[in-house]
């Protein structure tokens, strides 16, 4: 059960985005920009970094939703994710992605944990300054998103299969905040669902 009453039945961060429009819009825009905006990293690579950091932070909702999105966009994504989940190994990734995930893991531990050696290794594997910037930004942002979701103990989806659909939706549509009319329709549907369950 969530620590606060959000007034809707959505799982995870979706519940919080609909709870407070100004922050919901800002957080959605940030997620869309860092995961779908211009970058030398593909959206799938950025989703993989988000999923990995969320896994390290033990944030189940963020990990599973972004892993599902990464699977839709990253070659052999499902097997690579399963490898770090079960064996804590990232050696199946390309040398560049291994180096970036290592940097992301250091960010997850604390910004000052990022070493000159890990940055040099990433650059040796082909990372530009922009790639390193975007990796650190995604990792740092997802530490914040993870703590937001878990700090308010948002609910998980009722069925794990929901993450598959969520991943496809995120991969295809991104994170843009719905306009007023769509939010109004969703709130009406939430209200009817709540009244039917009462």
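The values are calculated or read from the model by the stated rules, or taken from the named source; none is laboratory data. Small disclaimer: the values here were computed from a predicted structure and weren't measured. Please note: Cβ atoms are built from the backbone with ideal geometry, for glycine as well, and neighbour counts cover all protein chains shown.
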Residue count for the stretch 86-99, restricted to those that are modelled with pLDDT under 95 and in a helix (DSSP H, G or I): 2
Top-ranked residue of the stretch 49-66 - restricted to ones that are at negative phi and outside any helix (DSSP H, G or I), ranked as surrounded by the most Cβ atoms within 10 Å (Cβ to Cβ): 59
Flag for residue 138 being without any contact (Cβ under 8 Å) to a residue 40 or more places away in the chain, more than 26 Å from residue 4 (Cα to Cα) and either under 17 Å from the mean Cα position of the chain (by Cα) or buried (at least 23 other Cβ atoms within 10 Å of the Cβ) (or both): no
Test: residue 102 is under 22 Å from the mean Cα position of the chain (by Cα), surrounded by 15 or more Cβ atoms within 10 Å (Cβ to Cβ), touching a residue at least 12 places away in the same chain (Cβ under 8 Å) and part of a loop (DSSP other than H, G, I, E, B): no
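Quick check on residue 44: is it farther than 22 Å from residue 109 by Cα, part of a helix (DSSP H, G or I) and in contact with a helix residue (DSSP H, G or I) (Cβ under 8 Å, 6 or more places away or on another chain)?
Yes, satisfied.
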All positions within the stretch 37-66 that are without any contact (Cβ under 8 Å) to a residue 24 or more places away in the chain, over 9 Å from the mean Cα position of the chain (by Cα) and within 16 Å of residue 170 (Cβ to Cβ): 37
Count - residues of the stretch 67-84 that are surrounded by 13 or more Cβ atoms within 10 Å (Cβ to Cβ) and either on the phi > 0 side of the Ramachandran plot or touching a residue at least 12 places away in the same chain (Cβ under 8 Å) (or both): 12
Condition met for residue 31 (closer than 30 Å to residue 2 by Cβ, surrounded by 18 or more Cβ atoms within 10 Å (Cβ to Cβ) and out of contact with any helix residue (DSSP H, G or I) (no Cβ under 7 Å at 6 or more places or on another chain)): yes
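Condition check ((1) in a loop (DSSP other than H, G, I, E, B); (2) at pLDDT below 90; (3) within 16 Å of residue 14 (Cβ to Cβ)) across all residues:
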{"position": "145", "(1), (2), (3)": "no, no, yes"}
{"position": "149", "(1), (2), (3)": "no, no, yes"}
{"position": "153", "(1), (2), (3)": "yes, no, yes"}
{"position": "157", "(1), (2), (3)": "yes, no, yes"}
{"position": "177", "(1), (2), (3)": "yes, yes, yes"}
{"position": "183", "(1), (2), (3)": "no, yes, yes"}
{"position": "193", "(1), (2), (3)": "no, yes, yes"}
